[in-house]
Amino acid sequence: MGLFDIFFRKRNEELKAILSQGAVIIDVRTAPEFRSGKVACSINIPYEQINHKLGKIKKYKKPIVLCCASGSRSVGAMSMLRNAGMQNVYNGRTWYKVDRLLGELA
């Protein structure tokens with residue numbers, strides 16, 4: 001097992017722990033992308049709407065896991081939310097990775 005394997009395994013375990021706490025999963029892809037495949041319990045708030053939906057997002061009293069197609073929009077959304085004062089926000093990277101990790105919890 002290489003260094004990268006150890007690093008990604010640790011990140012996956014941390015994300016699984018966050019998901020097991022009942023995290024709110026926000027998919028920041030566009031509505032058509034979301035309709036083409038998604039995590040069953042996720043909420044779609046496209047990246048471009050994150051700043052406009054801050055009030056709604058701040059009302060969630062659970063950890064927030066962001067996901068998208070490649071991980072780049074979720075990183076940007078995480079940065080926006082953290083800049084708005086939210087700390088319990090995590091990048092789940094791709095939606096199918098979050099879906100797979102949730103499946104491992106079941």
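Readers should treat all values here as calculations from the given coordinates under stated rules, not as data from a laboratory. As the structure is a computational prediction, the values presented were derived from the model and not from experiment. Neighbour counts are summed over all protein chains in view; Cβ atoms, including those assigned to glycine, are modelled from backbone coordinates with ideal geometry.
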Among helices (runs of 4 or more DSSP H) entirely within region 12-83, at least 1 residues that are surrounded by 13 or more Cβ atoms within 10 Å (Cβ to Cβ) and without any contact (Cβ under 8 Å) to a residue 24 or more places away in the chain occur in 31-36, 72-83
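How many of the residues making up region 84-100 are part of a helix (DSSP H, G or I) and buried (at least 21 other Cβ atoms within 10 Å of the Cβ)? Walk me through it before giving the result.
Kept after step one, since they are part of a helix (DSSP H, G or I), are these residues of region 84-100: 95-100.
If we keep only those that are buried (at least 21 other Cβ atoms within 10 Å of the Cβ) too, we end up with 95, 98.
Of the residues in that region, 2 qualify.
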Notebook entry, point to check: When you look at Tyr60, is it within 10 Å of the chain's Cα centre (by Cα) and among the hydroxyl-bearing types (Ser, Thr, Tyr), yes or no?
Noted result: no
